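The values are calculated or read from the model by the stated rules, or taken from the named source; none is laboratory data. Not measured: the values here are computed from a predicted model. Here the Cβ positions follow ideal geometry from the backbone for every residue, glycine too, while neighbour counts run over all protein chains shown. Heavy atoms of the whole protein, side chains included, go into the accessibility calculation; ligands, DNA and RNA do not. Shrake-Rupley method; radii C 1.70, N 1.55, O 1.52, S 1.80 Å.
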Amino acid sequence: MVRTIHGTAVPAALPALIDKYRDAQPPPVRFRPPNWTAVLYRVPPELNVTALLRSREHTAPLAGSKAKDRVVTLAAVRSACHAMDLGNQREVLQAFVLTMAWASAGAGNATLRATARGLRDPDRAHRILADSVRRLRSAETLHDGALEANHRAWSLRGVGQSPASRWWAAAGDVVGRAWQPLVLDEQVYATLNRTLQIGGTARLASSRSRAARYRAYVDTVHRWAVELRLDGHDADAERVVFVLGQHAGGATPSH
């Protein structure tokens with residue numbers, strides 16, 4: 001049986017880190033629609049998987065961009081994901097491509113390649129993406145096994161935990177639920193391990209299982225957020241993840 005270390009306290013440096021980024025806000029992510037159209041040329045055109053990238057409802061033009069770059073926010077991605085019909089292949093794949101455009105910040109080419117690999121088999125991609133969302137949205141608690149089951153079942157070619165966790169966080173969101181899936185990428189890992197020195201997510205879960213480690217990470221960050229708020233810091237779990245990602249393993253801040 002996998003055990004989570006529930007006694008893991010807020011790392012000593014985390015409150016100072018939250019304060020350091022008090023005024024920082026997640027910027028819109030810049031992307032170039034023609035690059036996505038070019039890399040996804042193998043996907044059947046009738047699926048129109050890049051449609052939302054040019055949608056005025058979900059993206060905006062980047063002022064002054066001669067290449068006609070656009071920007072997208074997490075709020076816009078979540079709006080698209082909440083609106084999609086999970087039984088509709090076209091809508092699910094379009095929402096996924098929009099999510100990957102948002103996920104491409106700082107890793108544009110790698111995310112483009114990952115998305116193209118993941119959509120080589122559109123039928124399979126639709127099944128994996130929709131099943132993932134169903135699992136996450138139907139989960140009632142952090143301890144009912146849904147997060148682990150979702151992680152273990154994830155098998156979209158080329159799309160590893162980092163970009164996958166962005167799909168989970170955007171599409172698996174349930175309005176009003178006490179917890180949500182969270183992003184876990186290389187920048188977050190760097191801050192957890194180098195800055196906060198937690199000893200790795202394996203320590204949080206007392207397990208080498210990546211599924212157990214992801215669930216333990218989500219559980220731990222939500223508990224940290226509660227403790228931070230009780231201590232007077234304005235930070236929910238998503239805010240904590242944003243700060244961890246922004247710091248990207250930088251020096252430990254002074255207290």
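Numbers at a glance
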read-out: All-pairs alpha carbon distance profile, the range 204-255, 5 Å steps from 0, percent; value: 4, 20, 19, 23, 23, 9, 3
read-out: Highest-fluctuation residue, Arg177, Arg127, Arg194 considered, GNM on the chain with Cα pairs under 10 Å; value: Arg177
read-out: Residues in the range 190-228 reached by a label modelled at Val174 [backbone nitrogen below 16 Å; 7 Å Cα→Cβ]; value: 219
read-out: On Cα atoms only, tilt of 237-247 relative to the major axis of the chain in degrees; value: 90 degrees
read-out: Shape of the range 34-78, Cα gyration tensor, a/c cut at 1.5; value: oblate
read-out: Rounded to 10°, Cα long-axis angle of helix 74-83 versus longest principal axis of the chain; value: 60 degrees
read-out: Student exercise, the range 1-127 dipole from Lys, Arg, Asp, Glu Cβ charges, in Debye to nearest 20; value: 360 debye
read-out: Ellipticity estimate at 222 nm from DSSP helix runs (n ≥ 4, -39,500 (n - 2.57)) divided over the chain, nearest 500; value: -15000 deg cm²/dmol
read-out: The chain, Cα convex hull volume normalised per residue, Å³; value: 129 Å³
read-out: Probe 1.4 Å, accessible area per residue of the range 143-191, Å²; value: 35 Å²
read-out: In sequence order, calculated HN-Hα J values of the range 42-48 (Karplus, 6.51, -1.76, 1.60; Hz; x Gly/Pro); value: 7, 6, x, x, 5, 7, 6
read-out: Relative contact order (%) - criterion: Cα under 8 Å, at least six apart; region: the chain; value: 23 percent
read-out: Span from the the range 208-226 Cα centroid across to the the range 30-89 one, whole angstrom; value: 31 Å
read-out: The range 154-236: C-alpha gyration tensor shape, a/c 1.5 cut-off, then a/b vs b/c; value: oblate
read-out: Local electrostatic count at Asp19 - Lys and Arg +1, Asp and Glu -1, tallied over other residues with Cβ under 13 Å; value: 0
read-out: Using alpha-carbon coordinates, inclination of helix 161-171 to the longest axis of the chain, degrees; value: 80 degrees
